[in-house]
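The structure appears below as structure tokens.
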Amino acid sequence: MHARTIAVVALLTALVAGGWWWMRIGRSANSGHGTPLGRVAAGVDPRALNVLLITLDTTRADRLGAYGFTGVETPNLDRIAANGVLFTQAMSAAPLTQPAHASIFTGRVPPEHGVRDNGGFILDPAQVTLAEVLRQHGYKTGGFVGAYVLDSRWGLDQGFETYVDDFDLSAYKSISLGGIERRGADVADAALKWIDSAASGKFFAWVHFYDAHAPYDPPEPYKSRYGARRYAGEIAYVDAQVGRLLAALAERRVLDRTLVVVMGDHGESLGEHGEQAHGFFLYQSVLRVPLLIDAPYSAIPHGRRVTSVARSIDIMPTVLDLLGLQTPDSVEGQTLIPLMTGASPDLGLEAYAESLYPLHHFGWSDLRVLRTGRYKFIAAPRPELYDLQTDPDEAHNLYEQRRSLGDQMAARLRGLEKGFTSEKRAAEPVDLDPEARSRLAALGYVGSFVNTPAPTDASRASLPDPKDKIDVFNRINEASDLSRHDGGSDRAIAILTDVVRTDPEVVSAWFMLGNEYVRAGQFERALEQFRRALALKPDDDLSVINMANTYRQMGREAEARAGYERLLQLDPHNPQARIQLAEMDADAGRYDAAEAHVREALKVDANLAGARNILGVIKYKRGDKAGGRAEVVAALQQKADLRRAHYNLALMDEEEGNLAGAIAEYRRETELHPDSYKAYFNLGRLYGQVGDRPRQLEAYQHAIEQNPYFAEGHLFLAKLYLDMDEHLDEAIALARKGLELAPRSEYAPLAHYIAADVYNRTGRPAEAAREAARGRALEAAIKSRG
């Protein structure tokens, strides 16, 4: 009898009490490769089986209970293994999420499907995916992903009628963005809602859990239960979400006719071989992944363990074979059914894997792997050969000892690669807008794509071996983690400064250092770092736009505009540059120019909430006050944390005399975006108008804390101290700082008048007269300039 234990005990008890249990063995079936599969539940057509594919991001095989690990509780995954087949030597094709999943869904290795890295590669529509095949055979298809790296923009939504990613792309802010991944519970919720609507027919559901990816931060009770073992805590949390899926399928009485496949996309190094995370090296810590398949056929023994090599590219042909469907000719993988039934102990599968991350992001050598049986060869400037049977931790490189075997495997790898080349699969990244790459950086995928030609054996020999650069890589990742999760720090600056001193050719380190100085309020220092990055890579769009953003924050509008226009020269269709220019034009009252930029941005992305926000301002300023406000409100409905939306609503309320409404909107803007210094400043003005000096003072102080280069903020805070007759020495210092920052501002004379007033109050009339004269002279000069 085929039986599966339901994850939720209460549900199990209820089902048994209700008299419903697993159906009797019924109809028999054979795979397309002639391997008998035996029988399935009575009344179930093998061609109508559902498919639930669960991918576990960043999950090592040896961190699950079913694989013998005792430091984690994974009862639901363990039950799938106990009721199905567990593969002990399943291999990923890449240690990065996007190419690894592309291999799962196409049954092809990265050089053939063309997705060679996270970001910069989009799955070609010509590739045939598992979802496309199943949809063609009448399956409802739904995909539910937990991280932006699998957003539909990268092409993995091919074949899915429903694809729930929802990673908003409406506004560019900086390299460190939040909210671009979601908890497993949210992913499971979306999947379960869809399954409710799809369970009446046959369906294919793909559910991707990203939680085990760094930073490890499991929710309670897993955080407390696992303490410092947070990676294990994340895996235990994901297991609970898997249990929710299985329990829901059982409750809907479809689990007995659902094929369940669970696979890790790649693992995690956890410090082995010096690598803290993944993406860089190709050791088993990142390539050996869990693979569990529970198929409701009597010929597949419960609890079977397959010890021979299986690959991620074998998932697609295996699923199709289990469903009795034809596998497309493009698929390179093979069905695993003979291994699952025991008809064959070993299919002799060769496993290929690659990491182009060191090459694409840092200009160091790429790495490739060929595994044949117990032996694994890593092609690197200094080659590596391991016997995984006697040395599963890859502690002893046998290449020099077994040079003949190593060279044979190297020759075989070159032969495979020649075949890949003959397919003409592009190895060069596509152009990406800065926001897309910044969002990847916020997930920890640091580094800009560098201008590196397709590698050859000769060119690889001259490139640094990643083994020699792991310390640099880890330090960059450490700084990235500090930046993403601690808001930047002196420690991050110190780390990156040391990196560029050690290896001054790493573009990303200069760029990240620039961002850290921005966070520290040291804008001039930030500009220096961006210039260093651009000296190495003049077309680095992230450096261009963040440099322009820095100029804009400093109030240097002309230089900011030049930066955004430079970005448009690099990428004429870049919507982020258009939005920034549109905001600047709208702020200056150039509404026709602003609208032109917005329209161009909308041609690229019709769903830009930021564009709608600016259109609202333009409508309002042209007299359509109701229509303008409606546009901004609609933009907020589209993106609840849209930058400048509440700010614009506040300006509208101010113009209409609704000071209470304006104060509320400015406060909401600062709650959502604490660095919005202009919102703080305007909030201070309004508090002054309603006579709330304590809050006025606090708001002005926040304004210059968020932007130390905000000249008017310094001047108005100085004036407030003067009005309060407090901190007069500080008032003079603030006034002089404001004058220094913007000596030609229309408010600059105020600095001299403030100083004159302070000197008068403190009994220094000569100095007061001198400052007053300077103020009048500066005021006259400004007026004469028009």
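The values are calculated or read from the model by the stated rules, or taken from the named source; none is laboratory data. Note that this is a predicted model, so its numbers are computed, not measured. Cβ sites come from the backbone with ideal geometry, for glycine too, and all protein chains shown count toward neighbours. Heads up: the accessible areas ignore ligands, DNA and RNA and are worked out on the full protein's heavy atoms, side chains in. Shrake-Rupley method; radii C 1.70, N 1.55, O 1.52, S 1.80 Å.
Considering only the stretch 664-674, state which residues are open to solvent by less than 30 Å² (accessible area, probe 1.4 Å) and either part of a loop (DSSP other than H, G, I, E, B) or not charged (D, E, K, R) (or both).
Of the residues in the stretch 664-674, the ones open to solvent by less than 30 Å² (accessible area, probe 1.4 Å) are 666, 669-670, 673.
Correct list: TYR666, THR670, HIS673.
Each row is one residue, and each column tells you yes or no for (1) of a type in the set (Ser, Thr, Tyr); (2) touching a Lys or Arg at 6+ places or on another chain (Cβ under 6 Å).
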residue	(1), (2)
GLN326	no, no
THR341	yes, no
TYR352	yes, no
THR372	yes, no
LYS376	no, no
PRO383	no, no
TYR386	yes, yes
GLU394	no, no
SER404	yes, no
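Given the structure, is GLU771 within 20 Å of LYS678 (Cα to Cα) and among the acidic types (Asp, Glu)?
Numbers: within 20 Å of LYS678 (Cα to Cα): no; among the acidic types (Asp, Glu): yes.
For GLU771, the condition - within 20 Å of LYS678 (Cα to Cα) and among the acidic types (Asp, Glu) - is not met.
Find all pairs meeting these conditions: Cβ atoms under 8 angstrom apart; at least six residues apart or on different chains; first residue within the stretch 83-99 and surrounded by fewer than 24 Cβ atoms within 10 Å (Cβ to Cβ); second residue among the acidic types (Asp, Glu).
Close Cβ pairs (under 8 Å, with a partner that is among the acidic types (Asp, Glu)) amount to ASN83/ASP294.
Just give me the residues in the stretch 607-626 being without any contact (Cβ under 8 Å) to a residue 40 or more places away in the chain and surrounded by fewer than 15 Cβ atoms within 10 Å (Cβ to Cβ), in sequence order.
Once the filter is applied, which keeps residues that are without any contact (Cβ under 8 Å) to a residue 40 or more places away in the chain and surrounded by fewer than 15 Cβ atoms within 10 Å (Cβ to Cβ), the stretch 607-626 yields ARG622, GLY623, ASP624, LYS625, ALA626.
Any idea which residue in the stretch 634-663 is modelled with the lowest pLDDT, counting only those that are open to solvent by 60 Å² or more (accessible area, probe 1.4 Å) and in a helix (DSSP H, G or I)? Quick ask: steps written out before the conclusion?
Initially, the stretch 634-663 is screened for residues open to solvent by 60 Å² or more (accessible area, probe 1.4 Å), giving 637-638, 640-641, 643, 651, 655-656, 658, 660.
Now restrict to residues that are in a helix (DSSP H, G or I): 637-638, 651, 655, 660.
Working: GLN637: 91, GLN638: 87, LEU651: 95, GLU655: 93, ALA660: 95.
The qualifying residue modelled with the lowest pLDDT is GLN638.
Report yes if ALA102 is in a helix (DSSP H, G or I), touching a strand residue (DSSP E or B) at 6+ places or on another chain (Cβ under 7 Å) and under 19 Å from THR318 (Cα atoms), otherwise no. Walk me through it before giving the result.
Values: in a helix (DSSP H, G or I): yes; touching a strand residue (DSSP E or B) at 6+ places or on another chain (Cβ under 7 Å): no; under 19 Å from THR318 (Cα atoms): yes.
The answer is no for ALA102.
Would you pick out the residues in the stretch 329-372 that are of a type in the set (Asp, Glu) and either closer than 29 Å to VAL133 by Cα or open to solvent by 20 Å² or more (accessible area, probe 1.4 Å) (or both)? Can you show your working first?
Step one: filter the stretch 329-372 for residues of a type in the set (Asp, Glu), giving 329, 332, 346, 350, 354, 366.
Those that are of a type in the set (Asp, Glu) and either closer than 29 Å to VAL133 by Cα or open to solvent by 20 Å² or more (accessible area, probe 1.4 Å) (or both): ASP329, GLU332, ASP346, GLU350, GLU354.
Go through the stretch 136-147 and give me each residue that's within 28 Å of the chain's Cα centre (by Cα) and either over 21 Å from VAL242 (Cβ atoms) or not in a loop (DSSP other than H, G, I, E, B) (or both). First the steps, then the outcome.
Filtering the stretch 136-147 down to residues within 28 Å of the chain's Cα centre (by Cα) leaves 140-147.
LYS140, THR141, GLY142, GLY143, PHE144, ALA147, listed by residue number.
Is it the case, given these coordinates, that ARG629 is modelled with pLDDT of 95 or more and open to solvent by 30 Å² or more (accessible area, probe 1.4 Å)?
Working: modelled with pLDDT of 95 or more: yes; open to solvent by 30 Å² or more (accessible area, probe 1.4 Å): yes.
For ARG629, the condition - modelled with pLDDT of 95 or more and open to solvent by 30 Å² or more (accessible area, probe 1.4 Å) - is met.
Can we say GLU746 is in contact with a helix residue (DSSP H, G or I) (Cβ under 8 Å, 6 or more places away or on another chain), assigned to a helix (DSSP H, G or I) and not basic (Lys, Arg)?
Numbers: in contact with a helix residue (DSSP H, G or I) (Cβ under 8 Å, 6 or more places away or on another chain): yes; assigned to a helix (DSSP H, G or I): no; not basic (Lys, Arg): yes.
Against the criterion (in contact with a helix residue (DSSP H, G or I) (Cβ under 8 Å, 6 or more places away or on another chain), assigned to a helix (DSSP H, G or I) and not basic (Lys, Arg)), GLU746 does not qualify.
Looking at the stretch 744-756, can you tell me whether even one residue there is of a type in the set (A, V, I, L, M, F, W, C), modelled with pLDDT of 90 or more, crowded, with 19+ Cβ neighbours inside 10 Å and more than 52 Å from the chain's Cα centre (by Cα)?
yes
Taking the stretch 676-709 only, how many residues are open to solvent by 50 Å² or more (accessible area, probe 1.4 Å) and either in contact with a Lys or Arg (Cβ under 6 Å, 6 or more places away or on another chain) or among the charged types (D, E, K, R) (or both)? Spell out how you get there, then give the answer.
Taking the stretch 676-709 as the starting set, the residues that turn out to be open to solvent by 50 Å² or more (accessible area, probe 1.4 Å) are 678, 685, 689-691, 693-695, 698, 701-702, 705-706, 709.
Checking the rest, the ones that are also either in contact with a Lys or Arg (Cβ under 6 Å, 6 or more places away or on another chain) or among the charged types (D, E, K, R) (or both) come to 678, 685, 693, 695, 698, 705.
Count: 6.
HIS714: in a helix (DSSP H, G or I) and under 23 Å from ARG556 (Cα atoms), yes or no?
Numbers: in a helix (DSSP H, G or I): yes; under 23 Å from ARG556 (Cα atoms): yes.
So HIS714 fits the description; yes.
Just give me the residues in the stretch 559-606 being hydrophobic (A, V, I, L, M, F, W, C), over 16 Å from LEU542 (Cα atoms) and open to solvent by 30 Å² or more (accessible area, probe 1.4 Å), in sequence order.
Step one: filter the stretch 559-606 for residues hydrophobic (A, V, I, L, M, F, W, C), giving 560, 562, 567-568, 570, 577, 579, 581-582, 584, 586, 588, 593-594, 596, 598, 601-602, 604, 606.
The next check asks that each one be over 16 Å from LEU542 (Cα atoms); those that pass are 581-582, 584, 586, 588, 593-594, 596, 598, 601-602, 604, 606.
Answer for the stretch 559-606, where residues must be hydrophobic (A, V, I, L, M, F, W, C), over 16 Å from LEU542 (Cα atoms) and open to solvent by 30 Å² or more (accessible area, probe 1.4 Å): ALA588, ALA593, ALA596, LEU602, VAL604, ALA606.
Looking only at the stretch 760-771, which residues are open to solvent by 20 Å² or more (accessible area, probe 1.4 Å) and in a helix (DSSP H, G or I)? Don't jump to the end; show me each part of the working.
Step one: filter the stretch 760-771 for residues open to solvent by 20 Å² or more (accessible area, probe 1.4 Å), giving 760-767, 769-770.
ASN760, ARG761, PRO765, ALA766, GLU767, ALA769, ARG770 - these are the residues of the stretch 760-771 that are open to solvent by 20 Å² or more (accessible area, probe 1.4 Å) and in a helix (DSSP H, G or I).
When you look at ARG230, is it of a type in the set (Lys, Arg) and out of contact with any Pro (no Cβ under 7 Å at 6 or more places or on another chain), yes or no? Steps first, answer last, please.
Numbers: of a type in the set (Lys, Arg): yes; out of contact with any Pro (no Cβ under 7 Å at 6 or more places or on another chain): no.
Judged against the criteria, ARG230 is not a match.
Give the residue, chosen from TYR753, TYR759, TYR709, TYR700, that is closer than 22 Å to ARG519 by Cα, out of contact with any Ser or Thr (no Cβ under 8 Å at 6 or more places or on another chain) and without any contact (Cβ under 8 Å) to a residue 24 or more places away in the chain.
None of the others qualify; the one that does is TYR700.
Please go through the stretch 383-393 and give me each residue that is under 19 Å from SER308 (Cβ atoms), acidic (Asp, Glu) and not in a loop (DSSP other than H, G, I, E, B), ordered by number. Steps first, answer last, please.
First, pick out the residues of the stretch 383-393 that are under 19 Å from SER308 (Cβ atoms): 386-392.
Among the residues that remain, those that are also acidic (Asp, Glu) are: 387, 391.
Within the stretch 383-393, just ASP387 meets the criteria.
Within the set of pairs 6 or more residues apart or between chains, which connect a residue that is buried (at least 17 other Cβ atoms within 10 Å of the Cβ) inside the stretch 396-417 to a residue that is part of a loop (DSSP other than H, G, I, E, B) with Cβ atoms less than 7 Å apart?
TYR399/PRO383; GLY406/PRO383; GLY406/TYR399; ALA410/PRO383
Do you know which of the residues in the stretch 222-257 that are among the acidic types (Asp, Glu) and surrounded by fewer than 23 Cβ atoms within 10 Å (Cβ to Cβ) is nearest to ALA81 (Cα to Cα)?
Going through the stretch 222-257, the residues among the acidic types (Asp, Glu) turn out to be 234, 239, 251, 256.
Now restrict to residues that are surrounded by fewer than 23 Cβ atoms within 10 Å (Cβ to Cβ): 251, 256.
Details: GLU251: 21, ASP256: 16 Å.
The residue in question is ASP256.
List the residue pairs whose Cβ atoms are under 9 Å apart, where the first residue sits in the stretch 454-477 and is more than 23 Å from VAL499 (Cβ to Cβ), the second is open to solvent by less than 50 Å² (accessible area, probe 1.4 Å) and part of a helix (DSSP H, G or I), and the two are 6 or more positions apart or on different chains.
Within 9 Å, the pairs are PRO455/LEU359; ARG460/LEU359.
Please state which one of GLY65, GLY34 is modelled with pLDDT under 75 and not hydrophobic (A, V, I, L, M, F, W, C).
The unique qualifying residue is GLY34.
Among the candidates GLN553, GLN522, single out the residue that is surrounded by fewer than 22 Cβ atoms within 10 Å (Cβ to Cβ) and touching a Phe, Trp or Tyr at 6+ places or on another chain (Cβ under 7 Å). It would help to see each step written out before you state the result.
Values: GLN522 fails: touching a Phe, Trp or Tyr at 6+ places or on another chain (Cβ under 7 Å).
On inspection, the qualifying residue turns out to be GLN553.
Restricted to the stretch 394-432, and to residues that are among the basic types (Lys, Arg), touching a strand residue (DSSP E or B) at 6+ places or on another chain (Cβ under 9 Å) and assigned to a helix (DSSP H, G or I), which residue is modelled with the lowest pLDDT? Quick ask: steps written out before the conclusion?
Here is the first cut: in the stretch 394-432, the residues among the basic types (Lys, Arg) are 402-403, 412, 414, 418, 424-425.
Filter again for touching a strand residue (DSSP E or B) at 6+ places or on another chain (Cβ under 9 Å), leaving 402-403, 412, 414.
Now drop any that are not assigned to a helix (DSSP H, G or I), which leaves 403, 412, 414.
Details: ARG403: 96, ARG412: 96, ARG414: 93.
That would be ARG414.
Every residue, every condition in (1) farther than 26 Å from ARG744 by Cα; (2) free of Cβ contacts under 8 Å to residues at least 60 places away in the same chain; (3) small (Gly, Ala, Ser), yes or no:
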{"residue": "LEU527", "(1), (2), (3)": "no, yes, no"}
{"residue": "LEU542", "(1), (2), (3)": "yes, no, no"}
{"residue": "ASN546", "(1), (2), (3)": "no, no, no"}
{"residue": "GLU557", "(1), (2), (3)": "no, yes, no"}
{"residue": "ALA562", "(1), (2), (3)": "no, yes, yes"}
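Can LEU259 be described as more than 25 Å from the chain's Cα centre (by Cα) and of a type outside the set (Gly, Ala, Ser)? Lay out the reasoning, then the answer.
Numbers: more than 25 Å from the chain's Cα centre (by Cα): yes; of a type outside the set (Gly, Ala, Ser): yes.
So LEU259 fits the description; yes.
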